[in-house]
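One structure is given here, and the rest of the page talks about it.
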Amino acid sequence: MTPAALADLLHAVAVDVLTERGLDTAVLPDTVTVERPRNPEHGDYATNLALRSAKKAGVAPAELAGWLATRLEDTDAIATAEVAGPGFLNLRLAADAQAGIVDAVLTAGEAYGHTDALTGQAINLEFVSANPTGPIHLGGTRWAAVGDALGRVLASQGAAVTREYYVNDAGAQIDRFAESLLAAAEGRPVPENGYGGAYVAEVAQKVLKASDGLLDQPEDEKLAAFKRLGVEAMLEEMRASLESFGTHFDVWSSEQALHSSGAVERSVQQLKDDDALYFADGAWWLRSSDHGDDKDRVVIKSDGRPAYIAGDIAYYRDKRARGADLAIYMLGADHHGYIHRLKAVAAAFGDDPARVEVLIGQLVSLVRDGQPVKMSKRAGTIITLEDLVDAVGVDAARYTLARSSVDQVLEIDLDLISSRTNENPVFYVQYAHARLASLARNAADLGVSAQSPDLALLTHPREGDLIRTLGEFPRVLSSAAALREPHRVARYLEELAGAYHRFYDTCRVLPQGDEEPYAIHTARLALCSAARQVLANGLGLLGVSAPERM
């Protein structure tokens with residue numbers, strides 16, 4: 001019995017108890033809280049259901065808790081139900097009910113933890129979206145790990161997720177990039193406010209190889225070619241970097257294409273027609289202050305040129321036209337101002353602003369030997385995705401970036417995440433899976449099978465702790481999806497790995513020497529198979545491998 005199933009049982013029992021006494025069942029919460037007590041001596045699970053409902057029902061919490069306890073102990077799933085404090089209920093599961101968690105894992109396999117809670121919801125998830133003017137930096141790498149993991153978690157709950165990269169290939173930064181490439185190709189210094197680093201010269205050489213005689217062309221034609229071909233070369237490199245990092249995008253959208261196709265002009269005109277913009281001081285304004293922004297935003301400047309937000313307007317409209325029910329934007333630490341203006345864009349089109357969610361990620365830094373890591377030689381002023389992967393590998397990089405809440409500044413200790421010790425979280429979790437895989441191979445060599453186990457034999461406290469930890473996985477995934485916090489999966493996996501290591505150090509799984517296999521060996525091997533499955537499921541959601549050997 002998983003916590004979710006126990007919550008359903010508690011609600012059903014409470015309905016019966018209140019109905020029998022002529023009390024209003026509407027006082028019961030829609031969601032019953034079920035938690036694991038910090039002290040295992042208090043039981044397997046605890047609930048505050050009586051405390052939350054009793055006053056509204058007109059009875060004392062302890063009295064309602066007593067009624068619930070009596071009824072719960074009459075069910076097959078509950079071994080004991082005890083009233084604690086002012087009205088808490090401490091519960092111990094019956095052996096068969098607890099064993100049902102193991103059976104649920106083994107039956108569902110890779111689908112364990114998945115639900116259909118978000119089925120029918122189309123989510124557009126935009127992340128990374130770094131300007132195509134240089135390699136993906138460390139902040140973008142964090143989004144590559146977190147965004148991809150969030151997409152997997154949302155999909156596990158039934159959502160149809162479109163992973164999208166918005167290419168900012170229009171505007172002054174692209175012009176400066178083209179000027180920097182041309183300067184590098186002609187052997188001139190980096191222009192003022194231009195882009196430096198060895199990669200600029202590399203991209204410039206790619207452009208020259210793709211266009212014979214380019215440097216003999218007029219200045220405007222040279223710049224146009226370096227802009228077009230330079231952006232294409234940079235995007236090709238960025239795609240390759242992201243794919244090698246395990247991050248795939250379903251859609252790459254171009255800002256420039258929104259302008260050149262007329263999408264920006266049409267979108268702005270629609271808002272004018274709908275009276276969603278107003279004209280003042282020679283410019284057209286969005287009423288973003290009505291939605292929490294500190295001021296209204298200019299959409300069309302007084303000189304007739306579109307402001308940057310005009311592209312955002314067309315881009316949101318395009319996402320909705322492609323069927324997105326919800327648009328999630330994952331933006332950098334300096335983009336707090338975008339939260340309210342993007343919600344204002346949704347409102348301007350008549351949508352609920354809640355159709356837009358903006359997640360803000362904080363900065364990332366690297367240290368080695370307690371000292372900040374120097375900047376990338378290739379990129380010049382930044383540390384890139386490739387720099388991090390070269391230092392620690394894809395698995396360690398992805399796991400480390402995904403295991404912390406994005407609203408926290410993250411400092412990565414390269415020495416720690418490169419180590420093969422239990423202090424390194426990714427090693428700790430992956431080693432648990434590898435240890436379980438080794439156990440399965442040893443069991444096969446001994447002829448011990450996990451088929452047809454008597455799971456009711458799993459009554460040791462360490463077995464129970466591991467089983468209940470397995471039972472938490474569906475709730476962890478549900479919370480991670482609802483709160484947009486995939487780091488909850490990583491922290492859960494560390495808890496699960498710890499529960500497994502403690503179980504293994506206490507409970508012997510396989511027979512030794514000439515000892516014949518007993519039913520307890522089969523049951524424990526089944527428990528180990530379940531733990532291995534959940535570790536693999538969780539690591540897969542983070543885009544991290546589940547190694548068979550380490």
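The values are calculated or read from the model by the stated rules, or taken from the named source; none is laboratory data. Being a predicted model, the structure only gives us computed values, none of them experimental. Here the Cβ positions follow ideal geometry from the backbone for every residue, glycine too, while neighbour counts run over all protein chains shown. The accessibility values were calculated without ligands, DNA or RNA, using every heavy atom of the protein model including side chains. Shrake-Rupley method; radii C 1.70, N 1.55, O 1.52, S 1.80 Å.
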Scanning the stretch 153-212 for residues that are open to solvent by less than 30 Å² (accessible area, probe 1.4 Å), hydroxyl-bearing (Ser, Thr, Tyr) and in contact with a strand residue (DSSP E or B) (Cβ under 7 Å, 6 or more places away or on another chain) gives Tyr165, Tyr166
Within the stretch 255-274, track down each residue that is surrounded by fewer than 19 Cβ atoms within 10 Å (Cβ to Cβ) and not hydrophobic (A, V, I, L, M, F, W, C).
-> Gln256, His259, Ser260, Ser261, Gly262, Glu265, Arg266, Gln269, Gln270, Lys272, Asp273, Asp274
Only listed residue being modelled with pLDDT of 95 or more, crowded, with 17+ Cβ neighbours inside 10 Å and more than 21 Å from Pro135 (Cα to Cα), chosen from Ala402, Ala354, Ala324, Ala396 = Ala324
Determine which member of the set Ala94, Ala122, Ala144, Ala130 is among the hydrophobic types (A, V, I, L, M, F, W, C) and under 30 Å from Gly43 (Cα atoms).
-> Ala94
For the stretch 423-437, does any single residue satisfy the condition of being farther than 20 Å from Asn537 by Cβ, aliphatic (A, V, I, L, M) and either surrounded by fewer than 16 Cβ atoms within 10 Å (Cβ to Cβ) or under 20 Å from the mean Cα position of the chain (by Cα) (or both)?
-> no
Please specify each residue of the stretch 500-510 satisfying the condition of being over 31 Å from the mean Cα position of the chain (by Cα) and open to solvent by 70 Å² or more (accessible area, probe 1.4 Å).
-> Asp505, Thr506, Arg508
Residue check, Gln121 against (1) of a type outside the set (A, V, I, L, M, F, W, C); (2) touching a strand residue (DSSP E or B) at 6+ places or on another chain (Cβ under 8 Å); (3) over 30 Å from Pro37 (Cβ atoms); (4) crowded, with 19+ Cβ neighbours inside 10 Å, all met but one. Which one?
-> (4)
Counted residues in the stretch 511-528 being open to solvent by 20 Å² or more (accessible area, probe 1.4 Å) and either under 26 Å from Leu542 (Cβ atoms) or of a type in the set (A, V, I, L, M) (or both) come to 2
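Output the strands (runs of 3 or more DSSP E) that fall wholly within the stretch 1-118 and possess 1 or more residues being within 34 Å of the chain's Cα centre (by Cα) and either loosely packed, with under 14 Cβ neighbours inside 10 Å or modelled with pLDDT under 95 (or both), or say none. Please lay out each step first, then the result.
On the way: elements: 45-47, 78-84, 88-93.
By residue number, 45-47, 88-93.
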Mind checking which pairs have a first residue in the stretch 283-304 that is within 19 Å of His336 (Cα to Cα) and a second that is open to solvent by 30 Å² or more (accessible area, probe 1.4 Å) and of a type in the set (Lys, Arg), Cβ under 6 Å, 6 or more apart or different chains?
-> Leu286/Arg297; Ser288/Arg297; Ser288/Arg341; Ser289/Lys295; His291/Lys343; Asp293/Arg341; Asp296/Arg287; Arg297/Arg341
Only one residue in Gly187, Gly158 is out of contact with any Phe, Trp or Tyr (no Cβ under 8 Å at 6 or more places or on another chain) and touching a residue at least 12 places away in the same chain (Cβ under 8 Å), so which one is that?
-> Gly158
Selection from the stretch 1-60 of residues that are β-branched (Val, Ile, Thr) and more than 20 Å from Ser479 (Cα to Cα) | Val13, Val15, Val17, Thr19, Thr25, Val27, Val59
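Just to be sure, is Arg355 within 24 Å of Gly151 (Cα to Cα) and in contact (Cβ under 8 Å) with a residue 60 or more places away in the chain? Spell out the reasoning first.
Working: within 24 Å of Gly151 (Cα to Cα): yes; in contact (Cβ under 8 Å) with a residue 60 or more places away in the chain: no.
In short, no.
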Residue pairs meeting the criteria (Cβ under 8 Å; at least 6 apart or on separate chains; first of a type in the set (Asp, Glu), in the stretch 409-420; second open to solvent by less than 70 Å² (accessible area, probe 1.4 Å)) = Glu411/Val364; Glu411/Ser365; Glu411/Leu366; Glu411/Val367; Asp413/Val367
Could you grab me the full set of residues in the stretch 287-335 that are assigned to a helix (DSSP H, G or I) and closer than 19 Å to Asp275 by Cβ?
-> Ser288, Ser289, Asp290, His291, Ile309, Ala310, Ile313, Ala314, Tyr316, Arg317
Taking first residues from the stretch 305-319 that are more than 14 Å from Phe349 (Cβ to Cβ) and second residues anywhere that are among the basic types (Lys, Arg), the pairs with Cβ under 9 Å that are 6 or more apart or on different chains are Ala307/Arg297; Ala307/Lys301
Count of the stretch 354-377 residues which are of a type in the set (A, V, I, L, M) and either farther than 19 Å from Ile412 by Cα or in contact with an Asp or Glu (Cβ under 7 Å, 6 or more places away or on another chain) (or both) | 6
For the stretch 275-286, how many residues meet the condition of being within 15 Å of Val345 (Cα to Cα) and either open to solvent by 60 Å² or more (accessible area, probe 1.4 Å) or not in a loop (DSSP other than H, G, I, E, B) (or both)?
-> 6
Residues within the stretch 287-303 that are open to solvent by less than 70 Å² (accessible area, probe 1.4 Å) and within 32 Å of the chain's Cα centre (by Cα), tallied = 6
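Pick from Arg441, Arg468, Arg462, Arg491: which is open to solvent by less than 60 Å² (accessible area, probe 1.4 Å) and in a helix (DSSP H, G or I)?
Result of the check over Arg441, Arg468, Arg462, Arg491: Arg468.
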For the stretch 536-546, indicate whether the set of residues that are farther than 24 Å from Thr421 by Cα, touching a helix residue (DSSP H, G or I) at 6+ places or on another chain (Cβ under 6 Å), in contact (Cβ under 8 Å) with a residue 40 or more places away in the chain and outside any loop (DSSP other than H, G, I, E, B) is non-empty.
-> no
